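Since the structure comes first, as structure tokens, the remarks are kept for the end.
Taken together, the values in this text are just the output of simple stated rules run on the coordinates, not laboratory data. All of these numbers come straight from a predicted model, not from anything done at the bench. All Cβ positions, even for glycine, are placed from backbone atoms using ideal geometry, and neighbour counts span all protein chains on display.
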Amino acid sequence: MNYWSWETFSEALPMVLQGLGITVGLTFSCYAFALLFGFVWTFLRRIPNKLIHWIVTWTMEFIRSTPPLVQLFFIFYAWPMIPGIGVTLSPFTSAILGLGLHFSTYIGEIYRSGIESVDKGQWEASRALNFSVFDKWKKIILPQALPPTIPMLGNYFIIMFKEVPLASTIGVAGILHMANTYGARNWAYLEPLTIVGIIFLLLSYPSAILIKKLEVKMNTRFDKKAALENVKKGAVM
Amino acid sequence: MSDTIKEPIVQFIDVHKSFGDVKVLKGIDLDIKPGEKVAVIGPSGSGKTTIIRMLMTLEEPTSGDILVEGNNLWKMSKKGKQVRANEKHLRNIRGDIGMVFQHFNLFPHMSILDNCMTAPVNVKKEDKNEVRERSIQMLERVGLGDKLNNYPSQLSGGQKQRVAMARALVMRPKIMLFDEVTSALDPELVGEVLEVIRDIAKNDDMAMVLVTHEMDFALDIADKVLFLDEGVIAEQGTASDVIEHSENERLQTFLRRFRSV
């Protein structure tokens, strides 16, 4: 076995792990950006104006139909060259903006499906009880629209986590970047890239299980709350 | 209450409503006095529900005026001109009106008690403890004092509808609208809901408009009965006027079909 060396493996491991903080940090930052910006898309699309609706829909479509890698390159290399609005961003910020924006269009769609799944009667009841627009969303619609989307949102977290290595192409020093650097320096790619694979597996798989559990919990949430109340009452009586 | 002639609390003046090309209401004129109990009867598709949905601001009339305590519900004046009402204008008037729906529309993510408390606390900004007291009283009144912490999914249809009535009553509306509230219920659960409505009609002084197919019940509790047919009020009057003295043939046919006696 000349191909595989445990020595190389144990030498590469600490170096690759140095990038773990960046990879995980970038994932969470992109995700937070996408979760917030998803709301922007969702609410922009609800504005009852045909022109705005059309512009927003096609902007989303455009962002979704172009590869995230191209978007990353555009934001990092091309945008600074546009006179007037061009800004040079750090690789990390570019990655948050690029990947976050790309995934926000998907997350906006998830929010939309959640909102549309709320029964028409709920809107009418909020109206009949004279809720303000803000309270209607806060107290009635979103508490029903969002919980069912949590499993889907979780899936996108994992998908995004797996797309984050794209950022290594613009120099974000995540685990893939570190593995590549190690490989180039020592002419040994097998071990460091295997390590990268293992790390992704170790992080993705438990997350997937967690999301499955969350899904079950979401589907039975009202029954459970109620069951708990009954247990409490039973204990008192 | 004194015998002085009361100003109507609700007035419909030549109200029309179309959905696309379909004309549902073709000129409704209607007065409802404070405290008056009005039953709206008529064949399916005659526009009964549309009348109260426009009053609840769930549907906008195509033309005509709806006045609530003298205020034009769907129009407001802006710089001396009459324009379409905005949400703020609607909100100001809508607060006096409550509605019970065919499909209950309880909030599934809240307990029964919270369903009753949420609007008075969040919309009317009333004191939470006072609202809790009042909600519990109201739920006891509709016979659900032992279900305060249950969730809607654990209740029967009849129980859900009684919660929906309690929820509307806690808001202390001046006008209560009932939209075929027993139509989605199993037959054996209809009675318990009608009992609550009868209790409200007898003991509360708010105006009530009932759209219903429970003919005997409607004729029994209503001060005024409207027979709606093909988009117009074909007949109106006291229950006995409408049943015994009306010459309207379609009404007689309709009554024969729906009444048990």
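A compact table of results
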{"quantity": "Nonlocal amide H pairs with residue B:40, under 5 Å, H built at 1.01 Å", "calculated": "B:210, B:211, B:212, B:226"}
{"quantity": "Where labels lie 7 Å past Cα in the beta-carbon direction, separation of residue A:74 and residue A:52 in nm", "calculated": "2.4"}
{"quantity": "Proxy reagent accessibility, fewest Cβ within 10 Å first, across A:30, B:116", "calculated": "A:30, B:116"}
{"quantity": "Relative contact order for the stretch A:6-236, counting Cα pairs under 8 Å that sit 6 or more residues apart, in percent", "calculated": "30"}
{"quantity": "Cα long-axis angle, helix A:91-116 against chain A (0 to 90 degrees, to the nearest 10)", "calculated": "30"}
{"quantity": "Residue pairs, from the table B:37/B:174; B:48/B:224; A:50/B:75, whose Cα atoms sit over 20 Å apart", "calculated": "A:50/B:75"}
{"quantity": "Per-residue ³J(HN,Hα) for the stretch A:46-59, Karplus 6.51 cos²θ - 1.76 cosθ + 1.60, θ = phi - 60°, Hz, x for Gly and Pro", "calculated": "8, 5, x, 9, 4, 5, 4, 4, 5, 4, 5, 4, 6, 4"}
{"quantity": "Dipole magnitude (debye, nearest 20) for chain B, charges at Cβ of Lys, Arg, Asp, Glu", "calculated": "1180"}
{"quantity": "Amide hydrogen neighbours beyond the local backbone of residue B:28, cut-off 5 Å, H modeled", "calculated": "B:14, B:15, B:16"}
{"quantity": "Charged-residue dipole, Cβ positions (Lys, Arg, Asp, Glu), chain A about Cα centre, Debye nearest 20", "calculated": "1060"}
{"quantity": "Farthest toward positive dipole pole in the stretch B:104-172 [+1 Lys/Arg, -1 Asp/Glu at C-beta], among B:168, B:136, B:149", "calculated": "B:168"}
{"quantity": "Chain B, relative contact order in percent, only Cα pairs under 8 angstrom and at least six apart counted", "calculated": "25"}
{"quantity": "Antiparallel DSSP beta bridges within the protein assembly as shown, percent to nearest 5", "calculated": "60"}
{"quantity": "For the stretch B:104-172, size of Cβ-based charge dipole, Lys and Arg +1, Asp and Glu -1, in debye", "calculated": "180"}
{"quantity": "Gyration tensor (alpha-carbon) shape descriptor, the stretch A:6-236, a/c threshold 1.5", "calculated": "oblate"}
{"quantity": "Positive dipole terminus of the stretch A:6-236, leading residue within A:114, A:66, A:97 (C-beta point charges)", "calculated": "A:114"}
{"quantity": "Listed residue (A:133, A:187, A:177) projecting farthest to the positive dipole end of the stretch A:85-194, Cβ model", "calculated": "A:133"}
{"quantity": "Proxy reagent accessibility, fewest Cβ within 10 Å first, across A:7, A:109", "calculated": "A:7, A:109"}
{"quantity": "Built amide H within the under 5 Å cut-off of residue B:126, gap 5+", "calculated": "B:121"}
{"quantity": "Low-density loop cleavage sites - trypsin sites (Lys or Arg not before Pro) in the stretch B:155-261, where at most 12 other Cβ are within 10 Å (DSSP)", "calculated": "B:259"}
{"quantity": "The stretch A:119-218: C-alpha gyration tensor shape, a/c 1.5 cut-off, then a/b vs b/c", "calculated": "prolate"}
{"quantity": "Global geometry of chain B, whether rounded, prolate or oblate, following the gyration tensor of its Cα atoms and the 1.5 cut on a/c", "calculated": "oblate"}
{"quantity": "Cα long-axis angle, helix A:190-219 against chain A (0 to 90 degrees, to the nearest 10)", "calculated": "10"}
{"quantity": "Inter-site label distance for residue B:137 and residue B:31 at 7 Å from Cα along Cβ, in nm", "calculated": "3.4"}
{"quantity": "Separation of the residue B:65 and residue B:44 label points, Cα + 7 Å toward Cβ, nm", "calculated": "3.7"}
{"quantity": "Mean Cα-pair separation over length for the stretch A:45-117, i.e. relative contact order, pairs under 8 Å, 6 or more apart, %", "calculated": "28"}
